[in-house]
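Comments concern the structure below.
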Amino acid sequence: MRIKKVGVVGAGTMGSGIAALVASAGVPVVLLDIPGKDDRNAPAKRGLERAMKARPAAFMAKERAALIEIGNTEDDLEKLATCDWVIEAIIEKLEPKRELYAKLEKILSPHAIVSSNTSGIPMRLLTEGRSEAFKQRFLGTHFFNPPRYLHLLEIIPTPDTLPEVTEAIERFADRILGKGLVRAKDVPGFIANRLGVYGMLQAVHLMEKHGLTIDEVDALTGPLIGRPKSATFRTADLTGLDVLKHVATELAEATGEPFTLPEWVDRLVAEGRLGEKTGAGFYRKEGKEIHTLDWRTGSYAPRQKPRIPGLEAVQALPLEKRLAAVLELPEPYGPFMKELFLTTSHYTLEKAPEIAYDLAAVDRALEWGFGWRMGPFKQMDAVGLDTLKAAFNAAGLRVPNLLEQADGTFYKKANGRRTMLAFEGGYVPVPEIPGAIHLSELKAEGRVLKESKDAALIDLGDGVALLEFRTKMNAIGEGIFRMLDAALKLVQRDGYAGLVIGNEHERAFSAGANLALILMLAQEGEWDELELAVRAFQKGTMSLRQAPFPVVVAPFGLTLGGGAEFTLHADRVQAHAELYMGLVETGVGLIPAGGGTKEMLFRFTEALKPYKEADPFEAVRRAFELIALAQTSTSALEARAMGFLRDGDGITMNRDRLIADAKRRVLELAEDYVPPAPRTITALGREALGNLRYAAWSLREARQITDHEVRIANELAYVLSGGDGPPREVSEVDILDLEREAFLKLLGTKKTQERIAHTLKTGKPLRN
Ligand code: NAD
């Protein structure tokens, strides 16, 4: 069954976010809310507006909002009759949900699927009174806030849900919406909230018990143990203390387990100190400063960077080792972490079989829903199950069955396959995302063809090789070019069909060229070496284009500077939907000289060719603006609108499928591959240069840019105009030569060197 149109009822926080995600994926949406007083559609309209203004953006491209048709549940329910999937995201109360389903049952088409986004009401209660046919086409789909950014979608089929219904939703959610799917049992809080909220509340109680501060707990429970920067309390502030309170109360009622908040948190909620949305919660913003709540007194004081003895040494360890090392920190920190780890691990071990179908689902739920780098079972493996058992015994806690059943670790390699402990005992293969390729697994299977500390070549199977970057933030330098060279040779020599360039970094396909090296060479006056380095970069990117086999680049996340230039020179790009791509070199006082400037000029000029009346300066102007302003996309859709992606380039919604999709592209292209012919265009010369220089001068006059920025803009203008002579035919090599000259000239200036040094030190641009 194909889902061609989606209905969302309830245009609140979740409904509007879900509608924006579905529309971003290109699928039409009907979004309904209750009728308003004057304007009948006002509530739905407000929801849509909220999504359009949301930060971070709920839409991947603003235009996609046009795919959403709004209405109200009294006048427009009929509009849902054409929807294949209707998602209910209204108020978390049983009666209104039931009433809505009763109405939906009468009007929906017989093949339509209905799902609820409820966080806690059991599915069997929701569908009481509905027909058998309705129940068969009903399930829970629990999105996380914000739906665009949190990867997890919990799928809760009931005993009545037809398997093909669950499968249809899963296929759509995985491929089209890009979600990470975890099937959960119909229990309070499902998997992620049940365990995640339990852990948060434990952290709060243990903070009191061990006498820690909020700053200390957030320093201990964030990236140090592989969790998001927002750690415990900032996460709660972002979610909203009222939401946390609501979820905790429901969980306490439904389970009878200790999901209570301390009295001082209740007071915050009662006083409307709900976190980010009300300006104060566990933290409060005072102008530019952040103040932290002193939970003992209820007052706020400037945030303190905690001084925890031994913390630095622990931070230097890899995550697997850190997890054990934090338990040994001095008092009160180590004992706090130990008790937190023990109570949450114990709870996880006891509850897992009740709430999930397997332990991989538990790990994925917390990794995808709460942004943990390692789920709880992986963490227990890292700390060591014997250590854990001994600690349970010492603390007088019963050793849970799952731990008794485990043979050394929860995950195990068996005959090259990843297996896990089954809840029924014995080890079974970890259920994989069908069709996804994970480099970490290929590496474990010995599929590495060649490697260095900076890069590797991996066999993806079916005659496709992959070049992986391995440097810090995947910065591009000599080591990567050497591996690229090796890749080009190997693909031909060993008869591979083609090459993918991709990696599995958390945030960055590549943050750009290795600036530290460039700055060092410049400061030492090694101009010959720098010239060679830039040439090597240009040769590298051009070799992607000229290779006698297809090269597909698979960017995601940060794809900046040199990383963008690699991407621009692919035969095809297969991008992840979350793509933050830009030629940002001007930020550090340079221009793109790995072929980026050339590529945008050629691309935009060629795009105008079919239009005889078009003014060719438009192409130059467009490239100038894009590069001079260091414009960066906030999604792959935007990257396409900006010209970084072409029509033939693909977008993958689900990051877990990116490399597999890129590989498929290589195989498609390999069928009849011929490398693109060298290109020429007419460079416009001095007239274009004059126009661009005038534009830069005007911005300077208006005090919008600095003198050095005028200088950078002028160098860029010179390259894009092909020099200051009359119009002339130029090849790609001609423009590359100009790029290189301009780059080196700018690099020779003191102000550019200051910019680079500043960015390396602070991570931020300097506008000198
Ligand atoms: P919300 O209060 O922001 O939005 C609810 C919306 O539903 C409002 O716009 C309201 O006007 C509308 N509504 C209420 N009754 C209605 C009715 N009978 N018909 C049509 N519209 C109606 O709530 P939310 O946070 O978006 O939560 C919606 C659902 O998603 C709830 O079931 C909640 O438990 C669940 N949920 C919330 C979160 C979260 O983080 N907020 C996360 C996962 C799931």
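We did not get these values from a lab; they are worked out from the coordinates using the rules stated. The shown structure was predicted, so the numbers you read here are calculated from the model rather than taken from an experiment. Glycine gets a Cβ as well: all are built from the backbone with ideal geometry, and neighbour counts include every protein chain shown.
Quick notes
- Computed from Cα positions, the angle between helix 617-628 and the longest principal axis of the chain comes to roughly 60 degrees.
- Dmax and Rg, reported as Rg then Dmax, of segment 135-212 (C-alpha, Å): 16.0, 53
- Under the convention that each Lys and Arg Cβ holds +1 and each Asp and Glu Cβ holds -1, the size of the dipole of segment 589-640 around its Cα centre is about 120 debye.
- The chain - mean residue ellipticity at 222 nm from DSSP helices (-39,500 (n - 2.57) per run, n ≥ 4, rounded to 500): -13500 deg cm²/dmol
- Percent of alpha-carbon pairs separated by more than 28 Å within segment 6-183: 15
- In degrees, nearest ten, helix 42-53 long axis to first principal axis of the chain (Cα): 50
- For peptides 639-652, 334-347, sequence by mean Cβ density within 10 Å, most packed first: 334-347, 639-652
- Degrees, to the nearest 10: 658-670 long Cα axis against longest axis of the chain: 40
- Under 5 Å, built H, 5+ apart or other chain: amide partners of W372: E367
- Ranking P676, M642, I156 by how far each Cα lies toward the positive end of the dipole of the chain (charges on Cβ) leaves M642 at the top.
- Net lengthening on full extension, E312/Q546 (0.36 nm per residue, minus Cα-Cα): 79.5 nm
- Positive-end residue, segment 192-421 charge dipole about Cα centroid, Cβ charges, pick of L206, A414, A192: A414
- Amide H partners (placed H, <5 Å) of E88, local residues excluded: V9, S115, S116, N117
- Counted residue by residue at 0.36 nm each, then reduced by the alpha carbon distance between them, the extension gain from E128 to H205 reaches 23.9 nm.
- Label point distance in nm, E687-K413, each placed 7 Å from Cα along Cα→Cβ: 6.6
- A Förster radius of 51 Å, combined with the Cβ-Cβ distance separating K106 from A390, puts the computed FRET efficiency at roughly 0.25.
- Amide N of segment 554-572 lying under 20 Å from the label point, which is placed 7 angstrom from the Cα of A670 along Cα→Cβ: 554-555, 570-572
- Using Cβ point charges alone (K and R +1, D and E -1), the dipole size of the chain about the Cα centre works out to roughly 700 debye.
- Solvent-free Debye scattering, log10 I(q)/I(0), computed from the Cα coordinates of the chain at q = 0.05, 0.06 Å⁻¹: -0.29, -0.43
- Calculated FRET efficiency for the pair A516/R2, C-beta based, R₀ 51 Å, to 0.05: 0.50
- Listed residue (L94, M14, V30) projecting farthest to the positive dipole end of segment 1-109, Cβ model: M14
- The H on the amide N of I651, modeled in the peptide plane, is under 5 Å from the matching H of A575, each at least 5 residues off or on a different chain.
- For the pair R728 and H246, the difference between a 0.36 nm per residue extended length and the Cα-Cα distance amounts to 166.6 nm.
- Rough spin-label spacing in nm, given labels placed 7 Å along Cα→Cβ, for D75 and E618: 4.0
- In this label model, L397 and R171 are separated by 4.3 nm, measuring between points 7 Å along each Cα→Cβ vector.
- Förster radius 30 Å - calculated FRET efficiency between L629 and K53 (Cβ-Cβ, nearest 0.05): 0.85
- Amide N proximity, segment 218-255 versus D266 label position 7 Å along Cα-to-Cβ, cut-off under 12 Å: 249
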